[in-house]
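> Sharing a structure, written as structure tokens. Questions coming.
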Amino acid sequence: MTGEVAQGRGVATTAALNYAALAFAAGAALAANAIIAWFYSVEALGVFNQVYAVYVVASQFAASGIHLGVLAVSNASQTDAARREAGTEEVLPSAIAAVALTGGATMLLLIAAAEWASQLLESPQVAAGLRTVAIALPLFAANKCFQARFTALGQMRTVAGLQTIRAVALLAAIFGCAVLDFESTLLPAAFVVAEVAVLTAALLALERIIGPLGSISQDRLAKLFRFGAGSLVGSALQELNVRIDILVIGLLLDDAAVGIYSFAGLVAEGMLSALAVIRNMLVPRLSAVLKDPARTGLAGLVANVWSWTYPGAALAGLAALLSLWVGLRALYGSDSVYRDSVPLLAILLAGIVLVAGIIVFDFVFVVGDRPGLHSLMIAISASLNVALNFALIPLLGLAGAAIATAIATVALGMTIVALAWFALGACLLPVRTR
């Protein structure tokens, strides 16, 4: 009994550390936006967020789902800790080699496409930002593989530490640019600084150096690329889905509109990231449940997660909304252009809270070895999101973007439930099935 209590306390402590790291990262992102808005302009803030949106989507192609392959190898190694660690360490060198190729290729493509993207968004400063941020892509891809390794081995404290380091480095670099009066086009270099810091910390955190280059094999590379190909579209669309509103606003409106919307978008993204922490911590339990053909224990797991996820999401949403309202008034005054972010955030959070207990299970297809379904799930939501944003923004402006994104978020939750039931026989509603 004492061992179980100690284990429970350890899990609770790990969860608390991950949420503390997440809260710090979300706060750092908001602080970075606030610094840019204070030292530069609403247009510069809009350009920065458009570059960030493109960078995050491009980063998924840089990683190409290879990091999920590392996680899958770990799950395939059963629950024995030694076998899990051996399987993960064996595949990691091949994963790093794979993302060196995909990350490098994506970097070159983004540099080549920077001018075209700038013309599409009708923002000349976007091109310079994209060429700068492209350098971070191979580093980000490698970091995703290292973080997958730590996640697979249950070293969530290390993952939390890496998230915190990324946030600190990003914020420090942006603050440095502002204080030193650098041009706003140099702000995206902060992402390069952040990924260098994370990579350095990840290498130092490894208990031993990963296997030698000789352990890289064509067979492992082929398996990683095959797995990555099955999940790449889903991963890219998932990140795109979160940022479709920003990109479409940039296309249909202007840089200033993106800057105004960005505060609401960042807070909503922080809420989704909080739910992603729950998702990651559920992976081992969900994997164990799915290995049972009868799905014994799934209803109890879902009911338990729902019982605290929904109240927690609602309270967190209210706290975030109030914090943004107070913060924007304190920094920029009650008549600032940024005040419009508050009602936009309310709309975005409403959509997230409605399906909070469902989207924490969105890795059910990855864990269930059906990454293609994960891609289909996101494709459905992203397609709806794009269509609604293009339809509603011309009619309702920024409110249309928020409404479209909220509807697409709810649709994502419903799609997860439907596909899990019909394809995997897994009911993600808190009801018992025969």
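Derivation of every value follows stated rules applied to the coordinates shown; laboratory data play no part. Not measured: the values here are computed from a predicted model. Please note: Cβ atoms are built from the backbone with ideal geometry, for glycine as well, and neighbour counts cover all protein chains shown.
> From the residues Asn143, Val283, Val126, which one has its Cα farthest along the dipole of the chain in the positive direction, the dipole being from +1 and -1 charges on Cβ of Lys/Arg and Asp/Glu about the Cα centre?
Of the candidates, Val283 comes out farthest on the positive side.
> Let me ask something additional. How long is the gain from Leu206 to Val431 if the chain were fully straight, where each residue apart is worth 0.36 nm and the alpha carbon distance is subtracted?
My answer for the length gained is 76.8 nm.
> Taking only C-alpha pairs under 8 Å that are 6+ residues apart, what is the relative contact order of the chain in percent?
20
> With just the Cα atoms defining each centre, how far is segment 90-152 from segment 341-375? Give it in Å.
Taking the Cα centre of segment 341-375 as reference, the centre of segment 90-152 is 24 Å away.
> May I ask which residue of Gln155, Ile249, Leu412 lies farthest towards the positive end of the charge dipole of the chain, with charges of +1 (Lys, Arg) and -1 (Asp, Glu) on Cβ and the Cα centre as origin?
Gln155
> Please give the contour-minus-distance gain from Arg329 to Ala105: 0.36 nm per residue of separation, less the Cα-Cα distance, rounded to one decimal in nm.
76.2 nm
> To the nearest 0.05, how large is the calculated FRET efficiency for Asp292 and Ala391 if R₀ is 25 Å and r is the Cβ-Cβ distance?
0.05
> Could you sort the peptides 237-243, 171-177 by per-residue average Cβ neighbour count (10 Å cutoff), highest mean leading?
Top to bottom by mean Cβ count within 10 Å: 237-243, 171-177.
> Right, next: In what order do Ile358, Ile165, Ile416 fall by count of nearby beta-carbon atoms within 10 Å, going from fewest to most?
Starting with the residue having the fewest Cβ neighbours, the order is Ile165, Ile358, Ile416.
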